[in-house]
Amino acid sequence: MTESTNPFLDERRRDALYGGASRLTQRTAALHDAKIEGEPVASVMAGFGQVGPDHLLDVGCGRGGTTAHLTRRWWPREVTALDASPALLAEARRRVCDNVPDGAARVGFVAADFHDIPLPDDDCDVVVAAFCLYHSPAPETVLA
């Protein structure tokens, strides 16, 4: 898929795709409904880590489901939930605060482009990026 045919990279559609949590909720529900077996992605991801990382960064956190799950499972000292959409960050904040003991004190919510993450290099012990790299015309830049 080229950049010009990828609807997630079309600036004219940004508000329709990211302006509110309802659109991402629809897409997430469609992915969930299409799944026929196996564990939820956040549970699988949690199995790759261990309790107690110093700083977890959830890139493209969306509605905060993975952020909340990994924060509960790993109990990092600090968590940064990063997303370009303030509307989705608001939903993530609500979800984390409702589902994670002491979540409001340990999780910071940052509105930023994942091509330019506003954290110092080597600041995070664990970085996750679930279901977001397809939004980038240069995912290798995000990974770097």
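Tabulated data
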item: Some residue of the stretch 65-75 being out of contact with any strand residue (DSSP E or B) (no Cβ under 6 Å at 6 or more places or on another chain), under 18 Å from G49 (Cβ atoms), modelled with pLDDT under 95 and of a type in the set (D, E, K, R); result: yes
item: When residues of the stretch 101-144 are limited to those that are among the small types (G, A, S), closer than 12 Å to V59 by Cβ and at pLDDT 85 or above, the one surrounded by the fewest Cβ atoms within 10 Å (Cβ to Cβ); result: A112
item: Selection from the stretch 42-54 of residues that are modelled with pLDDT of 75 or more and either more than 28 Å from P76 (Cα to Cα) or not in a loop (DSSP other than H, G, I, E, B) (or both); result: A42, S43, M45, A46
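Each row is one residue, and each column tells you yes or no for (1) within 15 Å of the chain's Cα centre (by Cα); (2) in a helix (DSSP H, G or I); (3) of a type outside the set (A, V, I, L, M).
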| position | (1), (2), (3) |
| --- | --- |
| T71 | yes, yes, yes |
| R95 | yes, yes, yes |
| A105 | no, yes, no |
| V110 | yes, no, no |
| L119 | no, no, no |
| P137 | no, no, yes |
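The values are calculated or read from the model by the stated rules, or taken from the named source; none is laboratory data. What you see is a predicted model; the values in this text were computed from it and never measured. Counting neighbours? That spans all protein chains shown, and the Cβs are built from the backbone with ideal geometry, glycine included.
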